[in-house]
Amino acid sequence: MISMTNVYKAYENGTKAVKGIDIRIEDGEFAFLVGPSGSGKSTILKLITGEIFCTEGSILVNGFDLNKIKPSQLPKLRRTLGVIFQDFRLIDKKSVYENVAFAMRVVGASNREIKKRVPYVLDLVGLDTRTRRKPSELSGGEQQRVAIARALVNNPKMIIADEPTGNIDPARSLELMMLLQKINELGTTVLVVTHEKELVDRFSQRVIAIDGGRLISDKMGGYYKYEEE
Amino acid sequence: MKRNRIGYFIKEGVSSIFTHGFMSFASIFIIMACLIIMGSFSLLAVNMEYIIRNMEKQNQVVAFVDESLTPEQAQALESDIKAVPNVASVRYVTREEAYESFLDQYKDIKLFEDVGSSILRDRYVMTLHDIEQMAQTRDDLRAIYGIAGVNAHLEIAKGFVTVRNIVGAVSISLVVILLIVSVFIMSNTVKLTTFNRREEIAIMKMVGATNSFIRWPFVFEGMMLGVLGSLLAYLLQWGLYSFAVDRMSRSVALSFITFLKYEVIAIPMLIVFAGIGLLVGIGGSLFAIKNYLKV
């Protein structure tokens with residue numbers, strides 16, 4: 001669950017990236033966070049993952065109060081989140097299997113648990129035949145599926161996808177969004193940051209729109225072009 | 001720490017050495033070069049100290065026995081002399097033995113042949129533990145009943161002490177400066193390695209890795225590079241030193257100098273090299289990744 005109440009964020013250079021945002025996403029929800037470049041989407045994601053902290057307001061993520069969180073608790077917060085990036089952020093020297101297993105090692109899983117869980121997750125994203133490959137040997141869509149497998153492997157409460165379809169073709173984008181929807185149906189909260197109108201419109205889910213650091217619209221079954229509604 | 005985690009950290013450290021082959025090679029080479037430079041200065045200092053100590057031993061103190069004492073009484077003084085704190089060794093030399101030695105020393109000068117041993121006195125020839133205490137020892141010897149006079153070259157002793165102190169201070173300063181330079185160079189080398197891996201560290205942080213989980217493979221990697229670099233430096237230093245000593249010993253001009261054998265200092269050198277290698281390797285790694293952990 002994410003609860004952002006009257007959140008402001010000003011950077012050290014004086015830029016006010018977020019101005020009084022109120023967002024609440026319940027467990028099990030699927031939501032799109034949309035907005036043009038420079039609207040404050042990335043800042044909101046960084047605030048949720050604890051990379052940066054708000055200047056005003058309060059943020060609660062999966063039971064962690066980010067205004068009071070200690071540096072030693074940040075890894076615990078991040079283990080409740082599975083983050084997927086536009087540029088995949090895979091470790092190229094590791095195989096597909098190791099990239100996913102690595103996320104389990106971080107949380108202290110035993111080799112036995114890793115051997116059991118990683119093949120299951122890779123099978124779920126359709127990469128069970130590519131386990132020994134290096135990320136650079138895979139297509140963009142496949143790399144993004146490795147990133148999804150890595151995000152899923154620790155059974156997080158929430159998946160946060162930052163422009164997940166930005167580097168893949170339209171057909172693979174649709175497949176990926178369907179995969180995220182399937183993950184959501186299994187009970188995981190999903191928040192997708194995107195500016196791909198067609199995908200947002202097609203899935204008819206909750207759409208949270210921001211512009212200039214302010215919340216413009218927040219509707220169930222909304223459309224990307226909220227101003228046209 | 002769990003056993004499978006230690007295994008993972010070691011495996012990651014080893015694999016990283018091979019994955020970043022060139023940087024690993026550069027790190028090992030830098031550790032090796034710094035240690036050899038440092039080791040060479042240390043060996044030079046140790047040898048200087050050894051040579052000066054040997055020369056100090058030749059700076060003997062002579063205590064002359066009062067002529068009124070019988071030979072038995074003169075020889076009985078040995079126990080009193082040995083009881084003086086700073087005396088390392090004592091040898092009783094009769095006036096006849098001293099005369100023979102004198103003639104032997106000046107055999108080309110015929111003039112001394114007519115002079116008999118009666119002009120000399122029986123004596124005790126001593127070496128000291130610490131020539132810095134020579135003045136005090138001389139006074140202690142003079143205070144012994146039956147000792148008529150003491151010959152001690154205080155000025156020469158002071159000269160040795162001064163040279164030894166200067167060599168010691170210069171060597172320690174050089175070794176400390178080189179150690180700081182080594183840590184700095186090593187840290188910059190590891191920084192270059194970690195700069196290439198900052199993305200990897202950021203990913204680790206994002207999936208919930210703790211700082212210690214990220215740090216340990218780097219520590220093991222630094223440790224292995226440090227030990228490997230120091231072992232290679234140690235062996236190379238051994239070879240270079242033995243070669244240099246062998247060449248210098250053959251030189252006629254340096255034939256009067258006895259150099260320390262590497263075998264004598266092999267164990268302390270190994271401990272010091274391995275210790276510095278570990279310190280530089282681990283310290284450099286920790287220092288280099290510090291900034292990337294603040295995500």
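The values are calculated or read from the model by the stated rules, or taken from the named source; none is laboratory data. These figures come from a predicted structure and were not determined experimentally. Here the Cβ is made from the backbone with ideal geometry for all residues, glycine too, and neighbour counts use every protein chain on show.
Counted as qualifying within the range A:7-109 are the strands (runs of 3 or more DSSP E) with 1 or more residues that are on the phi > 0 side of the Ramachandran plot and not hydrophobic (A, V, I, L, M, F, W, C), namely A:16-25, A:56-61. The set of residues in the range B:212-260 that are over 30 Å from B:F18 (Cα atoms), touching a helix residue (DSSP H, G or I) at 6+ places or on another chain (Cβ under 8 Å) and of a type outside the set (S, T, N, Q) comprises B:Y241, B:V245, B:M248, B:L254, B:I257, B:F259, B:L260. Examine the range B:181-204 for a residue that is under 21 Å from the mean Cα position of the chain (by Cα) and away from every other protein chain (no Cβ under 14 Å), and state whether such a residue exists. Yes, the range B:181-204 contains at least one residue that is under 21 Å from the mean Cα position of the chain (by Cα) and away from every other protein chain (no Cβ under 14 Å). Per this entry, A:L45 is not counted among residues that are touching a Pro at 6+ places or on another chain (Cβ under 6 Å), within 14 Å of chain B (Cβ to nearest Cβ) and of a type in the set (A, V, I, L, M). Report, by residue number, each residue of the range A:101-134 that is within 11 Å of chain B (Cβ to nearest Cβ) and either over 10 Å from A:N154 (Cβ atoms) or acidic (D, E) (or both). Answer for the range A:101-134, where residues must be within 11 Å of chain B (Cβ to nearest Cβ) and either over 10 Å from A:N154 (Cβ atoms) or acidic (D, E) (or both): A:A101, A:F102, A:R105, A:G108, A:S110, A:N111, A:R112, A:E113, A:I114. A:V83 meets each of the listed conditions (1) touching a strand residue (DSSP E or B) at 6+ places or on another chain (Cβ under 8 Å); (2) at the interface with chain B (Cβ under 8 Å from one of its Cβ atoms); (3) surrounded by fewer than 16 Cβ atoms within 10 Å (Cβ to Cβ) apart from (3).
Taking the range B:237-259 as the range and being surrounded by 11 or more Cβ atoms within 10 Å (Cβ to Cβ) and closer than 16 Å to B:M55 by Cβ as the test, the residues that pass are B:L254, B:I257, B:T258, B:F259.
Among the residues examined, B:N59 qualifies as buried (at least 17 other Cβ atoms within 10 Å of the Cβ), within 25 Å of the chain's Cα centre (by Cα), away from chain A (no Cβ under 14 Å) and in contact (Cβ under 8 Å) with a residue 60 or more places away in the chain. Please verify whether the range B:78-101 includes one or more residues that are surrounded by fewer than 19 Cβ atoms within 10 Å (Cβ to Cβ) and closer than 30 Å to A:F102 by Cβ. Checked the range B:78-101: no residue is surrounded by fewer than 19 Cβ atoms within 10 Å (Cβ to Cβ) and closer than 30 Å to A:F102 by Cβ. If you go through the range B:142-149 one residue at a time, do you hit one that is of a type in the set (F, W, Y), surrounded by fewer than 18 Cβ atoms within 10 Å (Cβ to Cβ) and at pLDDT below 85? No, the range B:142-149 contains no residue that is of a type in the set (F, W, Y), surrounded by fewer than 18 Cβ atoms within 10 Å (Cβ to Cβ) and at pLDDT below 85.
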